[in-house]
Amino acid sequence: MPQPAINYLTEKEYLAFERSALDKHEYYQGEIFAMSGASFKHNLIESNFRSALNSFLKVKKCREFGSNLRVHIPANTLFTYSDILVICNEPNFIDDEFDTITNPSLIIEILSPSIANYRCAKFELYRDIDTLNEYVLIDSKSIYVVVYSKNANNTWTLSETKIADDTINPPSIDFIITVAEIYDGFDKINH
């Protein structure tokens, strides 16, 4: 049976659609993809990380934002929503709607089993962001954190941990958080 034809959208058509949509959608090379909701554990991890990060950044030139601020990567057409992102210096908006930026310094994504492979694959696309210095992946099913850090020669170094006493330290913002802080309350949830 033949597959239905895909109706590709321009970036301008996507933005018009997305800005009037009730749900969030990502965009890549003309296609849009609906985003799913997040679990309680996902939200707990996000809340823990954002709370610590927000307190830390109050005296810095950087700001943290949640998943409502869209990121666009002109080099590969991706429009996406990260769980948490940090922007240092002035935000670089794509237009006067002020809802889409191109210059995150740090992106944090919380992995659910259904999208873990997709989020890991997004790292290849994220590397087209010149201002990006770190990409952090946090598992929402078990204690596991991966940090990709950009080196001076534009290569990336991976570090990972499954140990609650370890710390995560994105060097571009000099922020330190323990894995235990990220997962605080996680062990009290039965599902």
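Bear in mind that the values in this text are calculations on the coordinates, not laboratory data. Since the model is a prediction, treat every value here as computed from it, not as a measurement. With ideal geometry, Cβ positions are generated from the backbone for all residues, glycine too; neighbour counts draw on all protein chains shown.
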Quiz item: Top mean-square fluctuation among ARG70, ARG127, ARG19, Gaussian network model of the chain, C-alpha springs under 10 Å?
Solution: ARG19
Quiz item: What does the charge count near VAL86 come to, summing +1 for each Lys or Arg and -1 for each Asp or Glu among other residues with Cβ under 11 Å from its Cβ?
Solution: +2
Exercise. Taking the dipole about the Cα centre of the chain, with the C-beta of Lys and Arg at +1 and of Asp and Glu at -1, give me whichever of SER159, ILE101, ILE189 is farthest to the positive side.
Key: ILE189
Quiz item: Under the classification rounded if a/c is under 1.5, otherwise prolate if a/b is larger than b/c and oblate if not, where does the range 17-96 fall, given a ≥ b ≥ c as square roots of the Cα gyration tensor eigenvalues?
Solution: oblate
Exercise. Determine the alpha carbon to alpha carbon distance for each of LYS24/LYS61; LYS58/LYS122; LYS141/LYS188 and list only those over 19 Å.
Key: LYS24/LYS61; LYS58/LYS122
Quiz item: What spacing in nm lies between the two simple spin-label points modelled at LYS162 and LYS60, each 7 Å away from Cα in the Cβ direction?
Solution: 2.9
Exercise. Rounded to the nearest 10 degrees, what's the angle between the helix 116-126 long axis and the longest principal axis of the chain, both from Cα atoms, 0 to 90?
Key: 80
Quiz prompt | Average Cα contact separation per residue, the range 75-180, under 8 Å, 6 or more apart, as relative contact order % | solution = 18
Self-check item: Assigned charges on the beta-carbon of Lys, Arg, Asp, Glu; the chain dipole about Cα centre (debye)
Solution: 260
Quiz item: Where both partners of a DSSP beta bridge lie in the chain, what percent of those bridges are antiparallel, to the nearest 5?
Solution: 80
Self-check item: Rounded to 10°, Cα long-axis angle of helix 11-20 versus longest principal axis of the chain
Solution: 70
Quiz prompt | Amide N of the range 170-191 lying under 20 Å from the label point, which is placed 7 angstrom from the Cα of SER142 along Cα→Cβ | solution = 179-191
Quiz prompt | Bins of 10 Å from zero: percent of alpha-carbon pairs in the chain | solution = 8, 35, 36, 16, 4, 0
Quiz item: How long are the three semi-axes of the equivalent ellipsoid for the range 89-190, computed from the Cα gyration tensor as the root of 5 times each eigenvalue, in whole Å, largest first?
Solution: 25, 17, 14
Quiz item: With the chain treated as a Gaussian network of Cα nodes joined by springs under 10 Å, which of ASP83, ASP128, ASP139 yields the largest mean-square fluctuation?
Solution: ASP128
Quiz prompt | Tilt relative to the chain, helix 40-57 - C-alpha long axis, 0 to 90 degrees, to 10 | solution = 70
Quiz prompt | For SER140, distant residues with modelled amide H under 5 Å away | solution = LEU111
